[in-house]
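Remarks on the structure that follows.
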Amino acid sequence: MRVAVKWLTWTCLALLAACGGSSARDTLDDERGAILPDAQTLTCTTLQLARGSIGSGQGVQGLHTQTLSGTQDRWAEYVEFAPNSSATCTYPLPAGVSSDTVIAAEIGVNFRGPTKSAMRWLFEAWDYSTGAWVIVGDNAFAQSWKWSATSLALTSPARFFSGGPVKLRYRTESSADASLLDLLVVRVQVAAPDAGTPNDAGTSTDAGTPTDAGTSTDAGTPVPWEGVSSFTYQLTNYPQGKLDVIAASKFDLAIVELVRDGSSGYFTAAEISALKARGKQVLAYFEIGAIEEYRPEWSQVPADLKLGPVDGWPDEQYVKYWDERWWPIVQGRLDRALAAGFTGCYLDMVVTYEEIPANSAGTNRADLARKMVALISRISQYAKARNPAFKVVPQNSPELVDDPLYLPAIDGLGMEDMYWSDDVACDMSWCAENRANAARVRAAGKLVLSTDYAVQSAHVADAYTRSRAAGFVPYVTVRALDRVTVNAGWDPR
């Protein structure tokens, strides 16, 4: 796995700036901006109680901003809901925003109260298309009586905006205890001219059950790729060279090396079958635009096929990926993945086309892009001719979606550094471009996996929240990709 030069350059500048300025925040709060990129925040204008009560002297203002954390208790800054309460909040759309321009939406929440196991509080939204309340989430994310913030995706958002203001309902059927809200807002992202329109901005999490949903239906919509809603990504340091830790995890999908230690010992059909028997889909990682010196195929690559070292990786060389002599290397890797029974392949170093000199093929950058798409298309045709269900998932360079041959050739897209890179926020203009182009891939019905690199809890939460709201499947880990990271409250356990 390699990271585009543009990211590394910007990271260095950002770190230099950080050394002379204030440190990055390590808490997630509404003051630092919306979770969705370029989001507008809608606040509750009317709070109506169908039953129960709220605290004396409290009102909608306590729901507009997040100000509390830990066990802080400032009466005027939150709203206390009595046991067995049901309350509805109304959120008008701002001027100039219509239901058909909203491509993603979420509910921002800061909750303090009992855990779900002790008492379930529901967050619901009114679906104008069906005339019913749908469950968006509950207090499963919360710690016991500590302020816990999260964002809950409003999937297929048009249905919640098409008939009037957004309506949220907060309720419980239990009389066990009260609960407090320091934040209850709606955030909306409006379509940009080139961002596409996702079919589904949510996750596959089902917050409701038939026995307690009442008139509500379930708002969760699985990502349209065989139900994948979580994944892990590990390329090195497999304990005892085995995949047992991944097998024991609860992730739906795993990205693993085609070669056990990178240089020898391919994973076997029995090992991959054992992973699949545990409910996992498994993608074989390998590069298609570069090769490392330690790879088993290194000696097979002619010297004149190599284009010089990858910046920052002296033991890795870019290759002339369009040269017919490179195809046997790629084909051999595909044959290995097919024989071992992998679900599909995860193709790295697609970024080669934009990192090598523009005249490397005697043409220009646009032609290099076409040549990369042609290679991905050839990979897809070759693999699917042998196994029609085999998945092809390139990593990074989502702008290739502009090529009409790209989308038909792929089943998904992997993206790195969508929101965070080693705990540095990705907020340059190209970061937004990457997210917008990835949204176009997602809008075409393809799975989009987003891998961010962070360890600070606020950054982890931000990446998961924003990724899910955009309809992507998130994973946050360390750049070394040498472990299975399970982020509490975000990854399946």
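The values are calculated or read from the model by the stated rules, or taken from the named source; none is laboratory data. The model shown is predicted, which means the values in this text are computed figures rather than measured ones. Methodologically, a virtual Cβ is constructed for each residue, glycine included, from the backbone with ideal geometry; neighbour enumeration extends over all protein chains shown. SASA here: full protein model, heavy atoms, side chains in, ligands and nucleic acids out. Shrake-Rupley method; radii C 1.70, N 1.55, O 1.52, S 1.80 Å.
Per-residue 3J(HN,Hα) values for segment 134-146, derived from phi via the Karplus relation 6.51 cos²θ - 1.76 cosθ + 1.60 with θ = phi - 60°, read 10, 6, 9, x, 8, 8, 5, 6, 8, 7, 5, 6, 10 Hz in sequence order (x marks Gly and Pro). Once you reduce segment 136-171 and segment 383-398 to the center of their Cα atoms, the two points are 35 Å from each other.
Using only side-chain charges placed at the Cβ, +1 for Lys and Arg and -1 for Asp and Glu, the dipole size of segment 302-437 relative to its Cα centre rounds to 880 debye. Taking amide H as placed 1.01 Å from N in the peptide plane, V424 has no amide H partner under 5 Å among residues 5 or more places away or on another chain. Computed from the alpha carbon positions, the gyration tensor of segment 83-193 leads to an equivalent ellipsoid with semi-axes of 27, 14, 11 Å, biggest first. Along the axis of the charge dipole computed for segment 429-483 (Cβ charges of +1 for Lys and Arg, -1 for Asp and Glu, origin at the Cα centre), the listed residues Q456, A443, F472 are led at the positive end by A443.
3J(HN,Hα) along segment 148-165, derived from phi through the Karplus expression 6.51 cos²θ - 1.76 cosθ + 1.60 where θ = phi - 60°, amounts to 10, 9, 7, 10, 10, 5, 9, 6, 6, x, 4, 5, 8, 10, 6, x, x, x Hz, with x in place of Gly and Pro.
Taking the Cα centre of each part, how many Å lie between segment 47-72 and segment 409-452? When both Cα centres are located, 36 Å separates them. A Förster radius of 41 Å, combined with the Cβ-Cβ distance separating Q381 from V97, puts the computed FRET efficiency at roughly 0.40.
Note on Q300 and R278: the model spin-label points, each 7 Å out from Cα along the C-beta direction, lie 3.0 nm apart.
Close amide-amide hydrogen proximity is noted between V448 and L413, V473, each under 5 Å apart and 5 or more residues distant or on a separate chain (H modeled in the peptide plane; Pro and chain starts excluded). The length gained on full extension between Q48 and K242, counted as 0.36 nm times the residue separation minus their Cα-Cα distance, comes to 64.2 nm. Scalar couplings 3J(HN,Hα) for segment 309-317, obtained by applying the Karplus form with A = 6.51, B = -1.76, C = 1.60 to θ = phi - 60°, are x, 5, 3, x, 9, x, 8, 10, 10 Hz; x denotes Gly and Pro.
With a Förster radius of 41 Å applied to the beta-carbon distance between E433 and E173, the computed FRET efficiency rounds to 0.35.
Kindly identify segment 235-347 as rounded, prolate or oblate by the Cα gyration tensor criterion: order the square roots of the eigenvalues as a ≥ b ≥ c, call it rounded if a/c is under 1.5, otherwise compare a/b with b/c, prolate if a/b is larger, else oblate. In terms of gyration-tensor shape, prolate.
The simple spin-label model puts a point 7 Å past each Cα toward its Cβ; for S263 and R483 those points are separated by 2.5 nm. Counting protein heavy atoms only, segment 84-166 has 51 percent of its accessible area on carbon and sulfur, 1.4 angstrom probe. Report, by chain and number, residues whose modeled amide H sits under 5 Å from the one on A254, excluding near sequence neighbours (fewer than 5 apart, same chain). Counting only residues 5 or more places away or on other chains, the set is T232, Q281, V282, L283. Spin-label model, E292/Q456: points 7 Å from Cα along the beta carbon direction are separated by 2.9 nm.
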